[in-house]
Amino acid sequence: MPSLFDGASARIEAALAHIEISDDIAQQLAQPDTALKVSVPLRHDDGAMKLYPGYRVRYDTTLGPAKGGIRFHPDVNADEVSTLAFWMTMKCAVLGLPFGGGKGGIAIDPKQLSPAELERLSRAYIDKVADFIGPDSDIPAPDVNTNPRVMGWMMDQYRIINRAEVRDVITGKPVEMGGSAGRTTATGDGAFHTLTTLMKRWEREPDGTTVAVQGFGNAGARFARLCAEAGYTVVAVSDSGGGIYNADGLDLDAIAKAKETDGSVSAADGQTLSNDEIVELEVDILAPAALENVITADNADRVRAGVIVEIANGPVASEADRTLEDNGVQVVPDILANAGGVTVSYFEWVQNRQAWYWAADTVAERLQSRMVEATEAVAERAETLEVGYRTAAYVIALEKLEAAAKARGTSAFFRTDNG
């Protein structure tokens, strides 16, 4: 299997069949602008000191300061973080946000840490990257296994280092610390707005439409609940501990309670199944909402969903694209479907800088407007070019990056040989 970044770059190649970009942008997108690797020290509760690999990458800042989450996961590595920062570059461009792409993380399993250890780890990470981030250069946010509390600790540590209140350095914070209303649910909300917009274009109704959600974390659980409330039949959900299935529809309240009390949705009543099995269910809509490369060349031919909504970053590997396309599976790409989180992070950054905070309904209305507008643009471009939604989204992103580069002057402007 190619590296995660090689796979991500392949999507640009598909888009380049439909758009020409300057050598300037091509070179900029070939590699990260800046990458930082650090060793994050953690004093454990038993007194032991251990060092964990930490990363922060600014991939491209053509459209503005870098924006992107920080994840805590054992599999975090330089290739993953660079790829996630690349995707963030594309995502911000598709949504028309004034940001470039960034990402960070620590290679550690936070589920093995006490609350005190988690706080020390969060603050130690900021100690290492404080000179690398900033409200006008690189603005972190939550990601896998990080949450508003972690972001609050990180912002507070940045405050201690700088001896000043700098709320716009981190987004996804608790509302009480300058966070935005609606940020916690934004990724799931955004994915649902995208699906709703496309369902109208397809002239399809929620009633009788089956949904499976692989990954019942913050975003996946929110998306599942919104689907159920809208009349979809949510037949399966899963988390790292396994999944649960009911052809007649799941009781999501009971599942959420089982996850809270027993640690996994598989503890709820219903037919249990694995994460591999949920990906291969015969459903109308499959929403992978966990980690990368859930659908690969090995299992793409066994996917029986009609539509895949990528709520996670990179759940479909690039080598699976052709198989899914040949089998008639429509893929709603991550750089569109999961952009709700970074969109409300943008709203939070704006509110912090203005010291003027919006009501929850204002945030919700503005998020819906952004997601609908971006989804309509991608769908219309897909129809015009006769391509899939992913390629259409990349074409739009590249156009916006190219326009910003031309405004500064590309090689075509500065050439002196008139050739």
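The values are calculated or read from the model by the stated rules, or taken from the named source; none is laboratory data. What you see is a predicted model, and the numbers here were worked out from it, not measured in a lab. Positions of Cβ are backbone-derived with ideal geometry, glycine not excepted, and every protein chain shown enters the neighbour counts.
Sort out which residues of segment 76-94 are under 15 Å from Phe5 (Cα atoms) and either in a strand (DSSP E or B) or in contact (Cβ under 8 Å) with a residue 60 or more places away in the chain (or both), and write them in order of number. If you could, list the steps in order and put the result at the bottom.
Residues of segment 76-94 that are under 15 Å from Phe5 (Cα atoms), as a first pass: 76-90.
The answer is Asp79, Glu80, Ser82, Thr83, Leu84, Phe86, Trp87, Met88, Thr89, Met90.
Out of all the residues in segment 380-399, is one or more touching a helix residue (DSSP H, G or I) at 6+ places or on another chain (Cβ under 8 Å), basic (Lys, Arg) and either part of a loop (DSSP other than H, G, I, E, B) or closer than 17 Å to Arg183 by Cα (or both)?
For segment 380-399, residues touching a helix residue (DSSP H, G or I) at 6+ places or on another chain (Cβ under 8 Å), basic (Lys, Arg) and either part of a loop (DSSP other than H, G, I, E, B) or closer than 17 Å to Arg183 by Cα (or both): absent.
Which residue pairs have Cβ atoms closer than 9 Å, lie 6 or more positions apart in sequence or on different chains, and pair a first residue in segment 95-119 that is in contact (Cβ under 8 Å) with a residue 40 or more places away in the chain and hydroxyl-bearing (Ser, Thr, Tyr) with a second residue that is outside any helix (DSSP H, G or I) and surrounded by fewer than 17 Cβ atoms within 10 Å (Cβ to Cβ)?
Within 9 Å, the pairs are Ser114/His44; Ser114/Asp45.
Let me spell it out: the conditions are (1) among the basic types (Lys, Arg); (2) at pLDDT below 95; (3) crowded, with 19+ Cβ neighbours inside 10 Å, and Arg222 meets all of them except one. Which number is the exception?
(2)
For segment 183-205, give me each residue that is in contact with a Gly (Cβ under 9 Å, 6 or more places away or on another chain) and outside any helix (DSSP H, G or I).
Arg183, Thr184, Thr185, Glu205, listed by residue number.
For the subset of segment 270-301 comprising residues that are among the acidic types (Asp, Glu) and more than 22 Å from the chain's Cα centre (by Cα), which member is farthest from Met371 (Cα to Cα)?
For segment 270-301, the residue satisfying everything is Asp298.
Table: residues versus (1) crowded, with 24+ Cβ neighbours inside 10 Å; (2) β-branched (Val, Ile, Thr); (3) assigned by TED's automatic domain parsing to the domain that holds Val303; (4) touching a strand residue (DSSP E or B) at 6+ places or on another chain (Cβ under 7 Å).
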| residue | (1), (2), (3), (4) |
| --- | --- |
| Phe192 | yes, no, yes, no |
| Trp202 | no, no, yes, no |
| Asp207 | no, no, yes, no |
| Asn218 | no, no, yes, no |
| Val237 | yes, yes, yes, yes |
| Ser240 | no, no, yes, no |
| Asp251 | no, no, yes, no |
| Leu273 | no, no, yes, yes |
| Glu280 | no, no, yes, no |
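Of Glu176, Glu165, which residue is farther than 23 Å from Gly64 by Cβ, out of contact with any strand residue (DSSP E or B) (no Cβ under 6 Å at 6 or more places or on another chain) and without any contact (Cβ under 8 Å) to a residue 12 or more places away in the chain? Working first, answer last.
Working: Glu165 fails: farther than 23 Å from Gly64 by Cβ.
When all the criteria are applied, what remains is Glu176.
Pro140: part of a strand (DSSP E or B), surrounded by 18 or more Cβ atoms within 10 Å (Cβ to Cβ) and not assigned by TED's automatic domain parsing to the domain that holds Glu260, yes or no? Before you say what the answer is, go through the steps one by one.
Working: part of a strand (DSSP E or B): yes; surrounded by 18 or more Cβ atoms within 10 Å (Cβ to Cβ): yes; not assigned by TED's automatic domain parsing to the domain that holds Glu260: yes.
When the stated conditions are applied, Pro140 passes them.
Any residue at all in segment 2-23 that is closer than 23 Å to Ile126 by Cα and surrounded by 18 or more Cβ atoms within 10 Å (Cβ to Cβ)? Please lay out each step first, then the result.
Quick first cut of segment 2-23, residues closer than 23 Å to Ile126 by Cα only: none.
The answer is no; no qualifying residue exists.
So which residues in segment 297-335 are surrounded by 21 or more Cβ atoms within 10 Å (Cβ to Cβ) and either touching a Phe, Trp or Tyr at 6+ places or on another chain (Cβ under 7 Å) or of a type in the set (D, E, K, R) (or both)?
Glu310, Ile311, Asn313, Gly314, Asp321, Val331, Val332, Pro333, Asp334, Ile335
Which residue out of Ala186, Ala181, Ala116, Ala130 is buried (at least 24 other Cβ atoms within 10 Å of the Cβ) and modelled with pLDDT of 95 or more? I'd like the intermediate steps shown before the answer.
On the way: Ala181 fails: buried (at least 24 other Cβ atoms within 10 Å of the Cβ); Ala116 fails: buried (at least 24 other Cβ atoms within 10 Å of the Cβ); Ala130 fails: buried (at least 24 other Cβ atoms within 10 Å of the Cβ).
On inspection, the qualifying residue turns out to be Ala186.
Thr171 passes all but one of (1) over 24 Å from Gly101 (Cα atoms); (2) part of a loop (DSSP other than H, G, I, E, B); which number fails?
(1)
Output the helices (runs of 4 or more DSSP H) that fall wholly within segment 225-326 and possess 1 or more residues being more than 11 Å from Gln214 (Cα to Cα), or say none. Full working, then the answer.
On the way: elements: 252-262, 275-279, 321-326.
It comes to 252-262, 321-326.
Conditions: (1) surrounded by fewer than 17 Cβ atoms within 10 Å (Cβ to Cβ); (2) of a type in the set (A, V, I, L, M); (3) free of Cβ contacts under 8 Å to residues at least 24 places away in the same chain. Met155 meets all but one. Number of the miss?
Condition not satisfied by Met155: (1).
Of everything in segment 45-60, what is in a loop (DSSP other than H, G, I, E, B) and either among the charged types (D, E, K, R) or modelled with pLDDT under 95 (or both)? Give them in sequence order. It would help to see each step written out before you state the result.
From segment 45-60, those in a loop (DSSP other than H, G, I, E, B) are 45-48; that's our starting set.
Once the filter is applied, which keeps residues that are in a loop (DSSP other than H, G, I, E, B) and either among the charged types (D, E, K, R) or modelled with pLDDT under 95 (or both), segment 45-60 yields Asp45, Asp46.
May I ask you to list the residues in segment 352-377 that are assigned to a helix (DSSP H, G or I), in contact with a Lys or Arg (Cβ under 9 Å, 6 or more places away or on another chain) and buried (at least 16 other Cβ atoms within 10 Å of the Cβ)? Walk me through how you get there before you give the answer.
Residues of segment 352-377 assigned to a helix (DSSP H, G or I): 352-354, 360-377.
Those still in the list that are in contact with a Lys or Arg (Cβ under 9 Å, 6 or more places away or on another chain) too: 352-353, 363, 375-376.
Asn352, Val363, Thr375, listed by residue number.
Among Glu399, Glu386, Glu380, which is of a type outside the set (Gly, Ala, Ser) and in contact (Cβ under 8 Å) with a residue 60 or more places away in the chain? Walk me through how you get there before you give the answer.
Working: Glu386 fails: in contact (Cβ under 8 Å) with a residue 60 or more places away in the chain; Glu380 fails: in contact (Cβ under 8 Å) with a residue 60 or more places away in the chain.
The match here is Glu399.
Tell me, please, whether a residue that is in a loop (DSSP other than H, G, I, E, B), over 27 Å from Glu229 (Cα atoms) and modelled with pLDDT of 95 or more can be found in segment 152-159.
Pass one, segment 152-159, residues in a loop (DSSP other than H, G, I, E, B): none.
No: zero hits.
Would you check which residues across segment 302-335 are within 23 Å of Val234 (Cβ to Cβ), hydrophobic (A, V, I, L, M, F, W, C) and within 9 Å of the chain's Cα centre (by Cα) and list them?
Ile311, Ala312
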